[in-house]
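Everything below concerns the one structure shown next.
The values are calculated or read from the model by the stated rules, or taken from the named source; none is laboratory data. Keep in mind that this is a model prediction, so the values were computed, not measured. Note that we place each Cβ from the backbone using ideal geometry, even for glycine, and neighbour counts take in every protein chain shown.
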Amino acid sequence: MTSQTSRRRILRGMMGGAAVTVGLPFLECFLNSNGTALANGSPLPTRFGTWFWGLGMNKQIWVPKKVGKDYDLPQQVASFKDVKQHINMFSNYNVLLDGRPNLCHYTGWIATRAGEAPAGPGQLPNQTIDVTIEDVIGTATRFRSISLSATGNPRTSYSYRSADAINPPDASVTEFYQKIFGSEFQDPNSPDFKPDPRVMARKSVLSGVIDHTNDLKKTLGKADQARLDNYLSSIRSFENSLAIQLQKPPPAEACKVPTANEKDLPSGLDSELVRTRHNMMVDLLVMAMACNQTRIFNMGFSEGSANTTHKGVARPHHPTTHEEPKDPELGYQPTAAKFVTESMEAWAYLVAAMANFKEGDGSLLDNSLVLANSDCELAQVHSLSNMPMMTAGRAGGRLKSGYHIDGAGGPVTAVSLTVLQAMGLQATEFGKGGLKTTQPVAELLV
């Protein structure tokens, strides 16, 4: 620890002649060496989301036999019947490890979203794709992004800028409601607007400490400088969201404040409870986007090593994938498959909720793009070939939908690059090492 820097050190500034302070993050130096447009003419915003489910799929009953437009619906995705035209299904894409270990329930989703296999447990290489997109389209809303956990677990996130800047999910339906539509919500369609004095005070305090950082950075090592930069970026991001709250929001024709739920759901991983929490969160999320509260979201339906339970089933989902024998006639594990089938039903609920929400000349989903992926292919052996991925939506007309694409053994990052380009980013490549690609799925891009 340097003599100039201690855990008690704070960032100092001034606000109206009064001193203000903000505490520091935990730095290494504190440790020892160990439609077309809205009514007012403004363009309709484009949104981006991610959706995660754990423990892969069963290719015998998940992968369509027909490639291209108007694909068939195997048993595990039969719930897509009414929304198939909105969904692209991707099969035969692989995660290449470059000599690194296959970290169960971890490597697959990170490689897909960050473009590189992690070298060890807990490593988070690069930033996830949602953060890259957030930096381009997420700066004009009250919340740059929203993360949600249908399991009710606030500690598992599939979105991060770095190991020091992980986006924790909201895990309570009632708390999520209050966060979006509570006392600080400004109705974009209300003729009256009065800035909240509490927001004004918080913005002033944060602004007051920014100028104190340059001298502090000179006393820190490179790792701590990077960590402090991430911390300050989060402060600037929060300042930006506060600044937005101090301006009258633009009108949002489809925005209607939903009714609050008086009681929250109980905790637990029962599959019916998880799906209920997911669906309630989706309904609130749809309105949050319609009310211009955010343009980026991440939904975790189940965790990588999902321990969702089911009434009448002796074991949770994860142990079932390892302990249930394959049915000799079916060729797969029927109980484990049922858990995944229910995950696909939840995905179909999200797609339908966005597709059925009218916005402009089309729907909320028409003006959005959602990437869905899992942690592996066959959970029984944690395989990383034929990784299951899907997209929903048309990104404001920049992406075709309703296709099954066979990746012919290519890297999962081809889909990630396609998503970046469909969202309007000037990305010509994505990924590193064996996962680096310059080839998007061109037939889907408009």
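Looking at F301, F357, F339 in this structure, which one is in contact with a helix residue (DSSP H, G or I) (Cβ under 7 Å, 6 or more places away or on another chain), crowded, with 16+ Cβ neighbours inside 10 Å and within 19 Å of A254 (Cα to Cα)?
Residue meeting the stated conditions: F357.
If I filter the stretch 248-262 down to residues being modelled with pLDDT of 85 or more and surrounded by fewer than 17 Cβ atoms within 10 Å (Cβ to Cβ), which single residue comes out as nearest to P316 (Cα to Cα)? Before the answer, list the steps.
Step one: filter the stretch 248-262 for residues modelled with pLDDT of 85 or more, giving 255-260.
If we keep only those that are surrounded by fewer than 17 Cβ atoms within 10 Å (Cβ to Cβ) as well, we get 256-260.
Details: K256: 39, V257: 37, P258: 34, T259: 34, A260: 32 Å.
My answer is A260.
Which residues, taken from the stretch 304-319, are in a helix (DSSP H, G or I) and either over 16 Å from E377 (Cβ atoms) or within 22 Å of the chain's Cα centre (by Cα) (or both)? Step through it out loud before you land on a result.
Restricting attention to the stretch 304-319, the residues satisfying the condition of being in a helix (DSSP H, G or I) are 317-319.
Once the filter is applied, which keeps residues that are in a helix (DSSP H, G or I) and either over 16 Å from E377 (Cβ atoms) or within 22 Å of the chain's Cα centre (by Cα) (or both), the stretch 304-319 yields only P319.
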**OP:** Consider Y349 carefully, then state whether it is at negative phi, out of contact with any strand residue (DSSP E or B) (no Cβ under 6 Å at 6 or more places or on another chain), in the same structural domain as M390 (by TED's automatic domain parsing) and not in a helix (DSSP H, G or I).
**Re:** no
Subject >> Residues of the stretch 417-446 that turn out to be within 23 Å of D406 (Cβ to Cβ) and not in a loop (DSSP other than H, G, I, E, B), as a count >> reply: 14
Original post:
Hey, S302 hits all of (1) closer than 25 Å to K358 by Cα; (2) at pLDDT 80 or above but one; which does it fall short on?
Top reply: (1)
Original post:
Inside the stretch 148-185, can you point out the residues that are hydrophobic (A, V, I, L, M, F, W, C), farther than 18 Å from P118 by Cα and either assigned by TED's automatic domain parsing to the domain that holds M289 or not in a loop (DSSP other than H, G, I, E, B) (or both)?
Top reply: L148, A150, A171, V173, F176, I180, F181
Subject >> Filter pass, A427 being modelled with pLDDT of 95 or more and within 20 Å of the chain's Cα centre (by Cα) >> reply: yes
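Is it the case, given these coordinates, that D98 is at positive phi and not in a strand (DSSP E or B)? Give the steps one after another, and end with the answer.
Details: at positive phi: yes; not in a strand (DSSP E or B): yes.
Spelling it out, D98 is indeed at positive phi and not in a strand (DSSP E or B).
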Original post:
Here is a list of conditions, (1) of a type outside the set (S, T, Y); (2) touching an Asp or Glu at 6+ places or on another chain (Cβ under 7 Å); (3) in a loop (DSSP other than H, G, I, E, B), and G108 meets all of them except one; can you say which number that is?
Top reply: (3)
Original post:
Do any residues in the stretch 178-201 that are closer than 15 Å to C291 by Cα and aliphatic (A, V, I, L, M) have Cβ atoms under 7 Å from those of residues that are at pLDDT 80 or above and outside any loop (DSSP other than H, G, I, E, B), where the two are at least six apart or on different chains, and which pairs are they?
Top reply: I180/L284; I180/A288
Original post:
Which members of the stretch 119-136 meet the condition of being under 19 Å from the mean Cα position of the chain (by Cα) and either not assigned by TED's automatic domain parsing to the domain that holds G300 or not in a helix (DSSP H, G or I) (or both)?
Top reply: G122, Q123, L124, P125, N126, Q127, T128
